[in-house]
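The values are calculated or read from the model by the stated rules, or taken from the named source; none is laboratory data. Bear in mind the structure is a predicted one, so any value in this text is a computation, not a measurement. Positions of Cβ are generated from backbone atoms using ideal geometry, with glycine treated the same way; all protein chains shown enter the neighbour counts.
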Amino acid sequence: MSQTMTEQHTLLVKIHAHTAQVAIIGLGYVGLPLAVAFAEAGFPVIGIDVDASKVDAINAGHSYISDISSARLAAVIGDRRSGVGDWGSGIGKQAGQSPVANLRSLIATTDYAVLATCDAAIICVPTPLNKTRDPDVRYLIAAGESVARYLHPGMLVVLESTTYPGTTEELLLPILQRGEGRKTVGDGNLTLSPGQDFFLAFSPERIDPGRTDWMVENTPKVVGGLTPACLEAATALYRGAIQTIVPVSSPAAAEMTKLLENTFRAVNIALVNEVAIMCDKLGLDVWEVVNAAATKPYGYMKFTPGPGVGGHCIPLDPHYLSWKLKTLNYNARFIQLAGEINSDMPRYWVEKVQDALNEVGKAVKGSRVLVLGVAYKKDIDDVRESPALDVIELLHQKGADVQYHDPYVPTIHHNGFAMTGELDLDTALAAADCVVVVTDHSCYDWAAVARLARCAVDTRSVLPT
Ligand code: SAJ
């Protein structure tokens, strides 16, 4: 049996036996649910995060991710009594014994050294944009370098972080091969060949926080391997915890799949936002038009206009794609235009507030405006990239006395300003010269809001007309 066959065979045997030790790097809204899914599937799992407080919370069975209850987490947490030392933020190991060999459960650590005895490492670290809206891959590079240090024969590495096509092969692979600081074994300078000594793949995350119908286990998982052996190893691993695997021809195809999914949303949201502006100029009710179009049983998919696009995916992911295409001298026009339209919606709606106040003989300057809902979408507490923050900033710039109410978000900090949400909604509504509905949380009694608001601008069409 060739070396490749040996390494791959050994790995596949462990995967099929669910004894393969799986490391999940980055324990956020993607990594923690994934770690729990693999632990519940019977794999020994070790979560790695640079944040010791996350590590300690997990080892104490306290979940900080709303999709994973503490009870569900506690049910899979490793049994420290199994004599593998104190987990905490470090790893105590009995000599020669891997720290998780006898655990079919999850433990967490800040210590990357555990990778030396792990069979698979799945990287789920953030890939934000920097100030110039270009990809910020520093966390990905740091994680890759840490994995490289402990990369060993027979190990599978998978990247899940959303990123531009080519990242796995052009950025991560060289880092793994260089292996800065890797301990040499056997032949002195340990060089590892992808697809033979170790295996590399990309598999996009499809975690949608707050969703209870599509979870890690039942959401189809796209996987692209660097070589056929890499694809076989990665699909075998994911098949151990996830019902449907969708193999594609390369890591770049898998990277591009994710970007298509979220660019599709950004572009269609921008389209319906521009239709809202068109309907406004035509004197038409865009919501009537949108709801009527949605009755088409085929060839159409409903999107709704709003205050803009927030979240950690839709406003950011498409820019990873357009950035990559720029390096190939191509201008991704749809992405560019969608970004322009969506990011201009807060200004459009602040203009509507100005018009509404003018209607009652008031100027924005000096008027009290209450922003209702600041989370980026309803029934969650996440304000990342929320258009409400832009609405508030624009109103501040126009001299309004801005307040907000959001039962999910007690305080906000944005571009140097900090605010605490109003606690008494009825009082805040009655005191406002204008109320602007930005996030349509289900908990609001919209009829009561309409009754109490002297003047209202509704970006989500939830107020009774
Ligand atoms: N939005 C609109 N109109 C729409 C849909 C969304 O204005 O018709 C706004 C929302 O208010 C929000 C932003 O766009 O501010 C993003 O909304 P989203 O529904 O896309 O929610 P996200 O950002 O949580 O997107 C996630 C993504 N999931 C993953 O990347 C794994 C996305 O691919 C999912 O399709 C989406 O959840 C979902 O369907 O809930």
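Structure notes:
- Residue selected from the stretch 382-438 under the condition of a type in the set (S, T, N, Q) and exposed (fewer than 15 other Cβ atoms within 10 Å of the Cβ), by the criterion nearest to the ligand (Cβ to nearest atom): Asn415
- Leu226 being more than 16 Å from the ligand (Cβ to nearest atom) and touching a strand residue (DSSP E or B) at 6+ places or on another chain (Cβ under 6 Å): yes
- Pairs with Cβ under 8 Å, 6+ apart, first in the stretch 14-36 and under 12 Å from Ala120 (Cα atoms), second crowded, with 22+ Cβ neighbours inside 10 Å and modelled with pLDDT under 95: Gln21/Val100
- Check on Ala201, more than 25 Å from Tyr320 (Cβ to Cβ), in contact with a helix residue (DSSP H, G or I) (Cβ under 6 Å, 6 or more places away or on another chain) and assigned by TED's automatic domain parsing to the domain that holds Leu173: no
- Options Ser105, Ser70, Ser63, Ser98: the member that is modelled with pLDDT of 95 or more, in contact with a helix residue (DSSP H, G or I) (Cβ under 7 Å, 6 or more places away or on another chain) and farther than 21 Å from Ala142 by Cα: Ser63
- Test: Val353 is crowded, with 18+ Cβ neighbours inside 10 Å, in contact (Cβ under 8 Å) with a residue 60 or more places away in the chain and away from the ligand (no atom under 16 Å from the Cβ): yes
- Candidate set: the stretch 118-155, residues that are crowded, with 20+ Cβ neighbours inside 10 Å and β-branched (Val, Ile, Thr); chosen: the one farthest from His18 (Cα to Cα): Val137
- Taken together, Leu429, Leu423 contain a single residue that is free of Cβ contacts under 8 Å to residues at least 24 places away in the same chain, over 22 Å from Tyr64 (Cβ atoms) and not β-branched (Val, Ile, Thr), which is Leu423.
- Of all the listed residues (Gly240, Gly283, Gly308, Gly299), the sole one being of a type in the set (Gly, Ala, Ser), buried (at least 23 other Cβ atoms within 10 Å of the Cβ) and modelled with pLDDT of 95 or more is Gly308.
- None of Val309, Val289 is out of contact with any strand residue (DSSP E or B) (no Cβ under 8 Å at 6 or more places or on another chain), assigned by TED's automatic domain parsing to the domain that holds Gly373 and within 13 Å of the ligand (Cβ to nearest atom) except Val309.
- Residues in the stretch 339-366 that are touching a Leu at 6+ places or on another chain (Cβ under 9 Å) and over 20 Å from Lys281 (Cβ atoms): Ala363, Val364.
Residues checked against (1) within 26 Å of Asp208 (Cβ to Cβ); (2) not hydrophobic (A, V, I, L, M, F, W, C):
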{"position": "Gln354", "(1), (2)": "no, yes"}
{"position": "Asn358", "(1), (2)": "no, yes"}
{"position": "Lys362", "(1), (2)": "no, yes"}
{"position": "Lys365", "(1), (2)": "no, yes"}
{"position": "Leu370", "(1), (2)": "no, no"}
{"position": "Val374", "(1), (2)": "yes, no"}
{"position": "Asp379", "(1), (2)": "yes, yes"}
{"position": "Glu393", "(1), (2)": "no, yes"}
{"position": "Gln397", "(1), (2)": "no, yes"}
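- In summary, Leu259 fulfils each of the numbered conditions (1) within 11 Å of the ligand (Cβ to nearest atom); (2) more than 20 Å from the chain's Cα centre (by Cα); (3) hydrophobic (A, V, I, L, M, F, W, C) with the single exception of condition (2).
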